[in-house]
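The values are calculated or read from the model by the stated rules, or taken from the named source; none is laboratory data. Everything numeric here is computed off the predicted structure, so don't read it as measured data. Here the Cβ positions follow ideal geometry from the backbone for every residue, glycine too, while neighbour counts run over all protein chains shown. Keep in mind that these areas ignore ligands, DNA and RNA; they rest on the heavy atoms of the full protein, side chains included. Shrake-Rupley method; radii C 1.70, N 1.55, O 1.52, S 1.80 Å.
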Amino acid sequence: MTHIIALDWGTTSLRAWRLDREGHITETRNRGRGITAVPNGRFDEELHRMVGDWMAAYPEARLIACGMIGSKNGWREVPYAPCPAHAEALAAGITSLETSGERELLLVPGVRFESQARTDVMRGEETQILGALADNASGLVVLPGTHAKWAHVKNGSVTDFSTYLTGELFSAVKTATLIGTMVGAPVSEALFSRAVGEALTGESGMLNPLFALRSDVLNGRYPESEVADRLSGLLIGTELKEAFQRYGTPSALTLVGGDSLCRLYELAFETAGIQVTRCGEEAAARGLYCLATLRERS
């Protein structure tokens, strides 16, 4: 039986899970149909293409979604929950809408951080954090991606977080700069780790080392084949350096996300001497199950 149909609907991807009454995943689907790939806001049609057969087979199953589908560019904007944000606050902030066929879809709110010095927002990561940590846990959670998130969690509540433009910057450098013409396939984890170490210990910022990726090749210091690893190491190493300045250097943290990108971050944290606990993308399914269950009890 299927008790919950859960969706993590982001900017570039859409993942869906069937979960039984105990929260066990019984089936998973994954496709590159994030909100930017859905033309003219036809989200209802995309939902039915993705899980319409599940909805028909399990008419009593609760539908719940997190991520950018609840943003102003998504199906319906859901107000952010302020920090500190815990599971009960997220469940209380859920917005429902009616899909075709009179099925209710629950949309999870994102989280907003605001202080005198800065503001930040997240959508979807709050649900992954909830699914990755045990109840009332505390610690630092890192979620790599286009916009990498570092979240401080205390007693189960997201109390503070920061976003780093690492993934999007890598893509921009690769596709829109002269350096990008040199970026090929990665060749060496050792090169990547060395670049991370140089970024962590370097006295300068990122802009001059970024240009040096090109000038060092032109001056024969290393071959063009190394640029991809050095670029990744520079950007991720700089992200770590900035985050450590804000949160301190932890002895351990939780890393949440897909295998390929998390592997790079594991290497980076290993270079920094930090112990990592890994949690995969299914953390979102566990978080959505938790929120749907809390919603049913309220």
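Can residue 239 be described as more than 16 Å from residue 187 (Cβ to Cβ), at pLDDT below 95 and not polar (S, T, N, Q)? The answer is no for residue 239. Set side by side, the residues 134, 91, 85, 81 differ, and just one is open to solvent by 20 Å² or more (accessible area, probe 1.4 Å) and of a type in the set (A, V, I, L, M, F, W, C), which is 134.
Inside the stretch 4-20, residues that are at pLDDT 95 or above and farther than 16 Å from residue 127 by Cβ make up a count of 2. Out of curiosity, is residue 292 more than 20 Å from residue 203 (Cα to Cα), out of contact with any Asp or Glu (no Cβ under 9 Å at 6 or more places or on another chain) and either acidic (Asp, Glu) or part of a helix (DSSP H, G or I) (or both)? When the stated conditions are applied, residue 292 passes them. Quick check, is residue 168 over 30 Å from residue 186 (Cα atoms), surrounded by fewer than 18 Cβ atoms within 10 Å (Cβ to Cβ), without any contact (Cβ under 8 Å) to a residue 40 or more places away in the chain and among the acidic types (Asp, Glu)? So residue 168 does not fit the description; no. Within the stretch 244-292, being polar (S, T, N, Q), surrounded by fewer than 19 Cβ atoms within 10 Å (Cβ to Cβ) and either in contact with a Ser or Thr (Cβ under 7 Å, 6 or more places away or on another chain) or without any contact (Cβ under 8 Å) to a residue 12 or more places away in the chain (or both) holds for 245, 260, 275, 277.
Scanning the stretch 262-283 for residues that are outside any loop (DSSP other than H, G, I, E, B) and at positive phi yields no hits at all. Could you tell me whether the stretch 45-55 includes any residue that is more than 20 Å from the chain's Cα centre (by Cα), open to solvent by 20 Å² or more (accessible area, probe 1.4 Å), closer than 14 Å to residue 127 by Cα and not small (Gly, Ala, Ser)? For the stretch 45-55, residues more than 20 Å from the chain's Cα centre (by Cα), open to solvent by 20 Å² or more (accessible area, probe 1.4 Å), closer than 14 Å to residue 127 by Cα and not small (Gly, Ala, Ser): absent.
Can you pull out the residues in the stretch 94-131 that are of a type in the set (Asp, Glu) and either more than 19 Å from residue 77 (Cα to Cα) or open to solvent by 40 Å² or more (accessible area, probe 1.4 Å) (or both)? Even if it seems obvious, please write down each step before you answer.
Taking the stretch 94-131 and keeping what is of a type in the set (Asp, Glu), we get 98, 102, 104, 114, 120, 125-126.
Residues satisfying the conditions are 98, 102, 104, 114.
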